[in-house]
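*Asks:* Let me begin by handing over the structure; questions about it come next.
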Amino acid sequence: MKQIDVATTASVPNRAGEAPRLSVSNVCKAFRIRKGASQPAALLQVLKSISFEVYNNEIVSLIGESGCGKTTLLRIIQGLIHHDSGTLLVEGQPVTGPGRDRGFVFQQPSLLPWRTAQENVEFGLELQRMSATDRAARARKLLQLVGLGDAAEQFPHQLSGGMQQRVGLARALAIEPALLLMDEPFSALDAQTREVLQKELLRIQAETHKTIVFVTHDLDEALYLSDRIIVLGARPGGVKEIIEVPFGSNRPELPLLRGDPRFQALRSRIWELISNRPTL
Amino acid sequence: MALTTEVDDAARETELEELGGSKAARKPYWLVRAISIVLILALWEVVGRQVSPLFMSYPSAIARAAVQLTASGELWGAFLSSMETLTLGFLLATIAGVLLGLLIGRYRYVDAATDWLVNALYSTPLVAITPLVVLWFGLGFSAKLFIVFILAIFPVLINTASGVRNVPSQLIDVGNAFAASEREIFAKVILPASLPYMMTGIRLGIGRAIIGMVVAEFFTAINGLGALIIKYGNQFETAAMFVPILCLMLMGVVYTAIAIRFEHWVAPWRHTEDE
Ligand SMILES: Nc1ncnc2c1ncn2[C@@H]1O[C@H](COP(=O)(O)OP(=O)(O)O)[C@@H](O)[C@H]1O
Ligand SMILES: [Mg+2]
């Protein structure tokens, strides 16, 4: 986990000259869908000409209504779905399929139920052919990082939803990805657990300096976690606006942050962007 | 069946303890069960003694016959012969059933090519082909082996295939997201995820394997527990006839209990998930 500490530059909005970790340009995606077995396939345009960049050590949120294509976009970045047109570069390399330079945290924890927490974290490391002792050491360290040092031997069904998501995060972090992709990872949790995990994510990001693309439909979550927020419009999803979040790297906790007038202003701005239909 | 309930009781009790419940919550189910066993046996003894020994027997007479058959070595020989057929036939059925089930569950083309045949054969009461099998293989060991095999393979095969088909797509996604190869996904996701289904198929296969074994032994009537039943049936020694029957019952219970234990061991998460 050796990485140059660039925390001081995190809040600098002007990244001109720096190479982006992730570069998405003009990405389009349509699904072929059939309403009935006999009907001809129709095209559902989900993503329309999406462009944005994510820089080193940033947390960037993708926000938009349910069904606007956030998961689709994230899966395209992971290489799980092919896009129709446009370019995707991760550290300058075009995305052609899944790769272990990207880590994925799913909306549902999606742990392998026959593996202990530690064995789940070791999953990606096994695929990398890391030796058993190194794997165990790395997995232990990561479980400690996500606050589950004591739960290494527990099976997923013995863990709460929040703990399972922590294991999912550790599993993605274990392969030391250049880019961490998170698809509404806290949306299935109760409000209290969600707030705890949001705070934890900020701590973990501060410790690991990961670059994160975070999908959410929760305005507060996006504002609390992100350095920038990419607002996606409804079908077809295009980038409506990219918002710089001004709270810096040492931000107060969410309840306090809510009192900040800038928070309220940005919140209503994003809310307008999301809820307004595009004026054509 | 008794064993299943015991396991479930145990699971419920640990749950209660974890929630701070007291041991007083433990109900004396075992006592009820023991009383029930004693009562039924006693009733059988009393009623059985009233009936002509040609038609019915009773526990003490059966026990005496069992001692005799054991002492003469006849029961042990028959038991070994039956076990040989059952174990080998069932083992072969399990191996073939799992392999074919994996292929059928994973590859749609293999499924399309075979599903009609599998469904047709599974729906046929295959003991019906016993006379044909005897024609093919004669009255020896291989005929019995084949019948056990053909009866036991379908539950294993069908359950394995449905296990492979029912692997949650989320878990396959995990494999894909971590850039696992098809082989790695098969070994690290699909196989362990369908293991519980395989075990269920194996448990169901045992019951059918025992039926196949007995029917085949009835037909060939040379050795095995089935042959023993036919022999003492023909000699109107009803008490002696009950001994191999009870032996078969014991075999079924023991095998099923082992299979259930194995299922729990293989997939502990499956039995606590839904509580
Ligand atoms: N594999 C697919 N085939 C057809 N349509 C799909 C598929 N995946 C997603 N969609 C459709 O694309 C749209 C966007 O889905 P998704 O990316 O999951 O939205 P979000 O994550 O923003 O809620 C939805 O209308 C959904 O029905
Ligand atoms: Mg989604």
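The values are calculated or read from the model by the stated rules, or taken from the named source; none is laboratory data. Since this is a predicted model, take the numbers as computed values, not measurements. Cβ sites come from the backbone with ideal geometry, for glycine too, and all protein chains shown count toward neighbours. When the accessible area is computed, the model is the full protein with side chains, heavy atoms only, and any ligands, DNA or RNA have been set aside. Shrake-Rupley method; radii C 1.70, N 1.55, O 1.52, S 1.80 Å.
*Asks:* Calculate the FRET efficiency for B:Ile245 and B:Arg165 from the Cβ-Cβ distance with a Förster distance of 30 Å, rounded to the nearest 0.05.
*Replies:* 0.15
*Asks:* Ignoring everything except DSSP H segments at least 4 long, calculate the 222 nm mean residue ellipticity for the protein assembly as shown; use -39,500 (n - 2.57) per segment, divide by total residues, nearest 500.
*Replies:* It comes out at -18000 deg cm²/dmol, rounded to the nearest 500.
*Asks:* Additional query: Grab every C-alpha pair in the protein assembly as shown, bin the distances at 20 angstrom width from 0 up to the longest one, and report whole percents.
*Replies:* Cα pair-distance distribution for the protein assembly as shown, in percent: 17, 38, 26, 15, 4, 0.
*Asks:* Given a 1.4 angstrom probe, I'd like the percentage of the accessible area of the protein assembly as shown that is carbon and sulfur, rounded to a whole number.
*Replies:* Accessible surface attributable to carbon and sulfur in the protein assembly as shown totals 61 percent.
*Asks:* Kindly provide log₁₀ I(q)/I(0) values, in the same order as q = 0.20, 0.26, 0.28 Å⁻¹, from the Debye equation applied to equal alpha-carbon scatterers of segment A:111-176.
*Replies:* Cα-only, vacuum Debye calculation for segment A:111-176: -0.64, -1.09, -1.26.
*Asks:* By a straight-distance test (C-alpha under 19 Å), which lysines pair with B:Lys144 as possible cross-link partners, with residues fewer than eight away in the same chain excluded?
*Replies:* Those lysines meeting the cut-off are B:Lys231.
*Asks:* Okay, next question. Does segment B:77-133 classify as rounded, prolate or oblate by the C-alpha gyration tensor (a ≥ b ≥ c root eigenvalues; a/c under 1.5 gives rounded; else a/b over b/c gives prolate, otherwise oblate)?
*Replies:* Because a/c hits 1.5 or more and a/b fails to exceed b/c, segment B:77-133 counts as oblate.
*Asks:* How big is D for chain A, in µm² s⁻¹ as a whole number, if Stokes-Einstein is applied with the Kirkwood radius of its Cα pairs at 4 °C and 1.567 mPa s?
*Replies:* In µm²/s, the coefficient is 66.
*Asks:* Also, I was wondering about something else. Please report the spacing between the Cα centers of segment A:231-273 and segment A:126-148 in Å, no decimals.
*Replies:* Computed from Cα coordinates, the inter-centre distance equals 35 Å.
*Asks:* How big is chain B by the Kirkwood estimate over distinct Cα pairs, in Å?
*Replies:* About 21.7 Å for chain B.
*Asks:* As I understand it, the dipole of segment B:151-275 uses +1 on the Cβ of Lys and Arg and -1 on the Cβ of Asp and Glu, about the Cα centre. Which of B:Ile153, B:Ala187, B:Leu225 lies farthest toward its positive end?
*Replies:* Result: B:Leu225, furthest along the dipole toward the positive end.
*Asks:* Here is a follow-up. What FRET efficiency comes out for the pair B:Val51/B:Leu191, r = Cβ-Cβ distance, R0 = 60 Å, nearest 0.05?
*Replies:* According to the calculation, E is roughly 0.65.
*Asks:* Stokes-Einstein at 25 °C, 0.890 mPa s, Kirkwood radius from Cα pairs: D for segment A:130-280 in µm² s⁻¹?
*Replies:* Stokes-Einstein gives a translational diffusion coefficient of 144 µm²/s.
*Asks:* Okay, next question. Taking 7 Å along the Cα-to-C-beta vector as the label spot, tell me the B:Leu88-B:Trp76 distance in nanometres, rounded to one decimal.
*Replies:* Going by the 7 Å Cα→Cβ label model, 2.2 nm.
*Asks:* Also, I was wondering about something else. Put simply, what bits of segment B:164-184 lose 20 Å² or more of accessible area when the other protein chains are there, versus the chain on its own (1.4 Å probe)?
*Replies:* B:Gln170, B:Leu171, B:Asp173, B:Val174, B:Asn176, B:Ala177, B:Phe178, B:Ala179, B:Glu184
*Asks:* I've got another one for you. Taking the Cα centre as origin and putting +1 on Lys and Arg beta-carbons and -1 on Asp and Glu beta-carbons, what dipole magnitude results for segment B:59-274, to the nearest 20 debye?
*Replies:* 80 debye
*Asks:* Pull out the extension gain between A:Phe31 and A:Ala265, defined as 0.36 nm times the separation in residues minus the alpha carbon to alpha carbon distance; nm, one decimal.
*Replies:* Extra length from A:Phe31 to A:Ala265 when fully extended: 80.6 nm.
*Asks:* Moving on to the next point. Quantify how strongly other chains surround peptide A:79-87 by giving the mean number of their Cβ atoms within 10 Å of each of its Cβ atoms.
*Replies:* Mean partner shielding for this stretch: 1.
*Asks:* A:Lys240: which lysines have alpha carbons under 18 Å from its alpha carbon, excluding same-chain residues fewer than 8 sequence positions away?
*Replies:* A:Lys29, A:Lys48, A:Lys70
*Asks:* Additional query: Using amide H atoms built 1.01 Å from N in the peptide plane, name the residues 5+ places from A:Ile59, or on other chains, whose amide H lies under 5 Å from its own.
*Replies:* Here A:Ile212, A:Asp227, A:Arg228 satisfy the definition.
*Asks:* A further question on this structure: Suppose every K and R has +1 on its Cβ and every D and E has -1 on its Cβ; what is the size of the dipole of the protein assembly as shown about the Cα centre, in Debye to the nearest 20?
*Replies:* So the dipole magnitude of the protein assembly as shown works out to roughly 840 debye.
*Asks:* Also, quick follow-up: Give the calculated FRET efficiency between A:Ser160 and A:Leu44 to the nearest 0.05, with a Förster radius of 35 Å applied to their Cβ-Cβ distance.
*Replies:* The pair A:Ser160/A:Leu44 has a calculated efficiency of 0.45.
*Asks:* Another question, then. Just tell me, in residue order, which DSSP H segments of chain B are both 30 angstrom or longer along the helix axis (alpha-carbon based) and at least -0.5 in mean Kyte-Doolittle hydropathy.
*Replies:* B:29-50, B:74-106, B:141-165, B:191-220, B:238-266
*Asks:* Considering Cα pairs under 8 angstrom that are at least six residues apart, work out the relative contact order of chain A and quote it in whole percent.
*Replies:* The normalised contact order for chain A reaches 25 percent.
*Asks:* Let me check against my output: what whole-number percent is the relative contact order of segment A:107-179, with C-alpha pairs under 8 Å and at least 6 apart?
*Replies:* Over segment A:107-179, the number comes to 46 percent.
*Asks:* Any idea what the dipole of chain A comes to, in debye rounded to 20, about its Cα centre with Lys/Arg Cβ at +1 and Asp/Glu Cβ at -1?
*Replies:* Computed about the Cα centre, the dipole is about 720 debye.
*Asks:* Report the relative contact order of segment A:58-97, percent, no decimals, based on alpha-carbon pairs under 8 angstrom and at least 6 residues apart.
*Replies:* Taking the mean separation of contacting Cα pairs over the length of segment A:58-97, I get 29 percent.
*Asks:* Let me ask something else. Mind checking the per residue accessible area of the protein assembly as shown for me, 1.4 Å probe, whole number of Å²?
*Replies:* About 50 Å² of surface per residue is accessible.
*Asks:* Please report the buried accessible area for the interface of A with B, total over both chains, probe 1.4 Å, in Å² to the nearest 100.
*Replies:* By this definition, chains A and B bury close to 1900 Å².
*Asks:* Roughly what % of Cα-Cα distances in segment B:131-275 sit above 19 Å, to the whole percent?
*Replies:* 64 percent
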